[in-house]
1. What percentages make up the Cα-Cα pair-distance distribution of segment 1-155 when the bins are 5 Å wide from 0?
2. To the nearest 10 square angstrom, how much accessible area does M86 have with a 1.4 angstrom probe?
3. Average the reciprocal distances over every distinct pair of alpha-carbons in segment 193-353, invert the result, and give the Kirkwood radius in Å.
4. I'd like to check one number: the per residue accessible area of segment 12-161, probe 1.4 Å, reported in Å² as a whole number.
5. Label-point separation (nm) for F258 and T511, each offset 7 Å from Cα along Cα-to-Cβ?
6. Whenever you get a sec, line up H410, H71, H332 from highest to lowest accessible area (probe 1.4 Å, protein heavy atoms).
7. Per residue, how many Å² of accessible area does segment 430-496 show with a 1.4 Å probe?
8. So what is the orientation-averaged projected area of segment 463-525, using the convex hull of its C-alpha atoms, in nm²?
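The values are calculated or read from the model by the stated rules, or taken from the named source; none is laboratory data. Not measured: the values here are computed from a predicted model. Here the Cβ is made from the backbone with ideal geometry for all residues, glycine too, and neighbour counts use every protein chain on show. What goes into the accessible areas is simple: the full protein's heavy atoms, side chains included, and nothing from ligands, DNA or RNA. Shrake-Rupley method; radii C 1.70, N 1.55, O 1.52, S 1.80 Å.
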Amino acid sequence: QLVYPHDFRLTEKEKTSICYLSFPDSYSGGLGDTQFSFRLRQAGGSRDCPFQDDGRYNREAPLTLQREAAHYFGYVYFRQVKDSSMRRGYFQKSLVLVSRLPYVNLFQCLLQLIAPEYFDKLEPCLEAVCNEIDQWPPPVPGQTLNLPVMGVVIQVRIPSRVDKPGSSPVKQCNQENLLPAPLVLPSVHELDLFRCFQPVLIHIQMLWELMLLGEPMVVMAPSPTVSSEMVLALTSCLAPLRYCCDFRPYFTIHDSEFKEYTTRTQAPPNIVVGVTNPFFIKTLQHWPHILRVGELRMSGDLPKQVKVKKLAKLKTLDTKPGIYTSYKTFLHKDKTLIKRLLKGIQRKRPSEVQSALLRRHLLELTQSFIIPLEHYMASLMPLQRAITPWKNPPQIRPFCQEDFMKSLEHAGPQLTCVLKGDWLGLYRRFFKSPNFDGWFRQRHREMTQKLEALHLEAICEADIVAWMKDKSEVEIVDLVLKLREKLVRARCQHLPVKEETLQRVSLYIDTIIGSLPEDLQAVLHH
């Protein structure tokens, strides 16, 4: 019905997809308001993002919170109430916030404020809200922002890549004595993991492995809310490692990728997909891992835990909750985690305390797995003394899986993790997954940039006049061109180099040019 701001360009295909994704696609008898989220592939490749920040946000934000280049997130507030004046006897409407940022808590909180007003006052409400949002500062990692909207000030801290993983958000200082007192969100994105994982707590280990290996997985849920929360919880459980596969928190049969996912002629893609329509039980039967969950109910004791069942048991329509898979875990179960969570339930610990416990456990597990890889990767970096000013910087040595496996004997996960099991088998499978590829590319890029930066510093320390003494004009001109290219690259790629280093290199170039004959000087200055 309405897109706001009016100049926001969406293709017809995107509009259609958003329409289908913003309503529950199977009968939901529930009346009232529900909230859920989806993720949508952008039609026609990546387009310019209206917020040009030269990539600063993505460089400083945690990898898991980067702005998406080719996908949109949709955050939905859906209302269904009886209304005899409507042809179908119901008022059904959704307000959807579309963003490239995965700030599920912030945006769902924003919708709780805006949507009820919007259903009442329609477009003027959106216009007023957009005018306020236009005044918000950009999200700068590490900063605490006060965001005024509709008479409320939402206060959030934008996480930064330099935050220590697992540290609790910094207690937000409130020096300005804001009136009214702000609505403080403890996190822009972290879900209540304990509530989301309620029915599968005893299988957390298995689910973590499936996510780590980028296995194709279907989450079948009774509502888009349960489906989207479960998918987002699953993809977040590898933090600080980035989940590099595709994921769809909520997916319908009208989706343009429906055929791609349901075809039996090729293996299912590396994706976690959340669905609610029972029709999917039939069409996605060939997928290797299917998690069927019921409605989430927070009760006083440990909720009924689903069982692991054989895929052949997947009956249509009346399928019972369970994890339908033939997957055998590489690592043994961690009994202590379940005992601690049970103790928490008996002591009526708040859900956020249980979630923190769960998040810490998953973080330690991921770190135990990743630290040996980080150590091995660091050993591939050339020695600093091998970096000389007048030669190209040496190459990073290639990653050799067998060498890495040998290094595990004395520096493996057993140093930081009590879990026993086939860690080697898990690494071998991990090497075949998109998550390894994503991790390796990111690390390799960072190391290459570090080498470039060290090389620039070596050039700064060198005695350029002594070097020029016995060089021909051709060699000197060649050096000028190379140094210029290095400077441009350092600025474009925002290499980790001090500004004074760059200025000294710039000065060097001018010095060298100044020593050349005037005709060459003119050409180079030009």
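1. 1, 7, 16, 20, 21, 17, 10, 5, 2, 1, 0
2. 80
3. Values: mean 1/r = 0.0614 Å⁻¹.
That comes to 16.3 Å for segment 193-353.
4. Numbers: 7380 Å² over 150 residues.
For segment 12-161, the per-residue accessible area is 49 Å².
5. 6.9
6. Values: H410 135, H71 25, H332 110 Å².
Final ranking, largest accessible area leading: H410, H332, H71.
7. Values: 3650 Å² over 67 residues.
For segment 430-496, the per-residue accessible area is 54 Å².
8. Working: hull surface 17.7 nm².
Taking the Cα atoms of segment 463-525, their convex hull projects to 4.4 nm² on average.
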